Amino acid sequence: MSDTDSFIEEVSEEVRRDRLYNFFRKYAWVGVLVVLATVGGTAFLEYQKATTKSQAEKVGSAVMKALEGSDEKERAGLLANIESSNPEVKSIVAMLKAAEETALQNYAAASKSLKTISEDSSVGQIYRDIAEFKFLLLSHDRIEDALLLTGFEKLATPGNPFRLLAEEQIAIIKLKNRENDAAVEKLRSILEDAEITDTIRQRVTQLLISLGIDPSSI
């Protein structure tokens with residue numbers, strides 16, 4: 001099982017450190033602008049709309065400037081200084097900062113920020129789910145597998161945008177715990193899912209091959 005274990009560890013490490021990181025850095029500032037731009041709504045006065053637009057431009061510019069920092073430490077510091085009264089904007093900035101802290105291997109600080117977001121009822125569910133998923137990825141080998149499984153199982157519910165990613169993580173944890181039959185069954189179900197993406201299909205296929213199972217037989 002040594003080769004299989006090594007492959008599983010590589011997959012887990014890649015998922016834990018890289019997934020969402022580039023997304024946060026490259027695209028999250030767009031989310032900041034969108035959220036702030038819609039805060040005003042049709043019921044607000046023109047003055048309030050102008051104020052909201054000004055705040056959106058200010059925060060958006062600050063985020064873009066922060067992400068242009070020369071290294072992770074500088075970017076994390078710049079992001080930490082960005083303030084917003086909107087809880088969802090704050091959560092996006094916090095997740096961006098957590099991504100930079102992850103790159104710096106400041107896992108404790110990143111995990112704390114992400115967990116705070118995931119437990120904040122004032123933040124939209126999608127932001128809470130993103131933060132919880134990222135927190136769980138960072139928590140491999142840091143908390144008990146039983147807690148990881150519970151967390152991923154909550155995200156693997158129908159309709160959750162992270163459902164298949166969470167199921168993939170459940171399979172990986174089961175493989176690490178030598179629950180091969182259960183893991184293979186989970187991987188089979190992922191391959192058969194109508195919502196599977198090419199990226200997930202490729203990873204699952206590689207896992208099955210590493211276990212000596214022909215994916216084409218599924």
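Points worth noting:
- GluC sites (Glu not before Pro) restricted to DSSP loop in segment 133-172 with at most 15 other C-beta within 10 Å: E144
- In segment 75-119, GluC sites (Glu not before Pro) in a DSSP loop with at most 13 other beta-carbon atoms within 10 Å: E83, E119
- Structure note, pairs K65/K174; K73/K134; K73/K174: Cα-Cα distances above 30 angstrom occur for K65/K174; K73/K174.
- Residues of segment 85-127 with amide N under 12 Å of a point placed 7 Å along Cα→Cβ from I143: 111-119
- Residue-span extension gain [E179 to S61] - 0.36 nm each, minus C-alpha spacing: 37.6 nm
Here, each number is a calculation from the coordinates, and none is a lab measurement. Note that the structure is predicted; figures quoted are calculated from it, not measured. When we count neighbours, we look across all protein chains shown, and the Cβ atoms used for this are built from the backbone with ideal geometry, even at glycine.
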